[in-house]
Ligand SMILES: [Zn+2]
């Protein structure tokens, strides 16, 4: 049974809502949504020790949230499925199916590409780039991007993201896509690069959501913290490329889910002493809906 989302604030013994920075490790805390007992988890590291993960709060062992508490997966799925509810029901980003699963309609993105099929394609890199930018920057895609990034955020905040995998159904260009190929969170750097280079991915070119933390601002892009692929001295370095007005909306040293067509360079780059290698991956961000902060209320 899923235990709910990581939390960053809770009620103290006097019933006041306190931020995690004020929550003492041994204080009696309860869920602000339903009153279930909460415990404190100390900070730890990911990315081969390179990325510090902030402390958080979680359900105390042996407890559950109430069914309607906002920190449950069900409540979050209901919330996300309300995005785009002005869109015709057959085209909504996320909808509940008769089998209890939710369908994420990513194919809408592919359909938009088909609508631009009259544009010249193949061979001309510039016109392909322009077409991609035209499709991805359109307002019509915003609810789909927001929903996909929001799902990735829930998966990252859940202690067991396999429960998301069982609840989401996705097809892209007539092929089913497993949730594990749509979302890459903490500790998945090696698997991610292998997948981005696979024929399966380069043929379907479906969008992917990643957890990244911007580190340095550079000309035209943000370089994110590297994550080591399973301690084999290969570091995966994500880059977010975008227009300045979008890059300025991303803070350094803050975690984001970034949804888009991620691309991996075909070969690793070795350091001059040959001891370590780097795999560069990048995404073009064309609108704000493609990213969301992991923690909405950063404390
Ligand atoms: Zn609760």
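The values are calculated or read from the model by the stated rules, or taken from the named source; none is laboratory data. The model shown is predicted, which means the values in this text are computed figures rather than measured ones. Methodologically, a virtual Cβ is constructed for each residue, glycine included, from the backbone with ideal geometry; neighbour enumeration extends over all protein chains shown.
Some notes on this structure:
- Taking residues in the range 66-77 that are on the phi > 0 side of the Ramachandran plot, and partners anywhere that are more than 7 Å from the ligand (Cβ to nearest atom) and not in a helix (DSSP H, G or I), not one pair has Cβ atoms closer than 8 Å while being at least 6 places apart or on different chains.
- Restricting the range 1-12 to residues that are more than 30 Å from residue 226 (Cα to Cα) and at pLDDT 90 or above leaves a set whose member that is farthest from the ligand (Cβ to nearest atom) is 12.
- Answer residue from the range 67-94, given it is outside any helix (DSSP H, G or I) and within 12 Å of the ligand (Cβ to nearest atom) and is nearest to residue 9 (Cα to Cα) among those: 71
- Note on the range 56-66: among residues that are in contact with a strand residue (DSSP E or B) (Cβ under 6 Å, 6 or more places away or on another chain) and part of a loop (DSSP other than H, G, I, E, B), the one that is farthest from the ligand (Cβ to nearest atom) is 60.
- The combined condition, being loosely packed, with under 14 Cβ neighbours inside 10 Å, over 16 Å from residue 6 (Cβ atoms) and either at pLDDT below 90 or within 16 Å of the ligand (Cβ to nearest atom) (or both), is fulfilled by residue 120.
- Scanning the range 133-154 for residues that are under 23 Å from residue 200 (Cα atoms) and in contact with a helix residue (DSSP H, G or I) (Cβ under 7 Å, 6 or more places away or on another chain) yields 135, 144, 145, 149, 151.
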